[in-house]
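Here the structure comes first, spelled out in structure tokens, and everything after it is commentary.
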Amino acid sequence: MVSIAILLLFMFGSDVYPSRFTWEEIGVILLMPLGLITGLILGWQEEAKGGALAVFSVAAFYLAYGLALKGSFIEGWWILFFLLPGSLLLLYAALLSSSRSRMAAK
């Protein structure tokens, strides 16, 4: 929930004018928040799918924005902190699956 709030602040709380961005930059910039928010919301019901979508969207944003548009990953290393909620969902899904398989084996 905190990640979603922070992303919404990034998206709507700044004085950045969209006309200063190219269409490619706008598409890449929207990739991460929309994919992450969708993944975290989906993760409340389906942990593995939501976590995978959240992690994929952050990783895709990091690669596309850092490498393709900026030419360097160094400037955006802090974006990797947004991998944490999706990674935790994937970890929870793996632990839940392992627990269910042990219960079924008994």
Checklist entry - Do you know which residues across the range 88-104 are surrounded by 14 or more Cβ atoms within 10 Å (Cβ to Cβ) and either modelled with pLDDT under 90 or of a type in the set (Gly, Ala, Ser) (or both)? => result 93
Next on the checklist: Looking for something outside any helix (DSSP H, G or I) and in contact (Cβ under 8 Å) with a residue 12 or more places away in the chain - is there at least one such residue anywhere in the range 91-101?
Outcome noted: no
Checklist entry - Taking the range 10-51 as the search range and keeping residues that are assigned to a helix (DSSP H, G or I), over 13 Å from the mean Cα position of the chain (by Cα) and modelled with pLDDT of 70 or more, which one is surrounded by the fewest Cβ atoms within 10 Å (Cβ to Cβ)? => result 23
Checklist entry - Any idea which of (1) exposed (fewer than 14 other Cβ atoms within 10 Å of the Cβ); (2) modelled with pLDDT under 75; (3) under 14 Å from residue 87 (Cα atoms) is the one residue 3 doesn't satisfy? => result (1)
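The values are calculated or read from the model by the stated rules, or taken from the named source; none is laboratory data. This one's a predicted model, so the numbers in the text were calculated from it and none came from an experiment. As a convention, Cβ positions derive from the backbone with ideal geometry for all residues, glycine included, and neighbour counts pool all protein chains shown.
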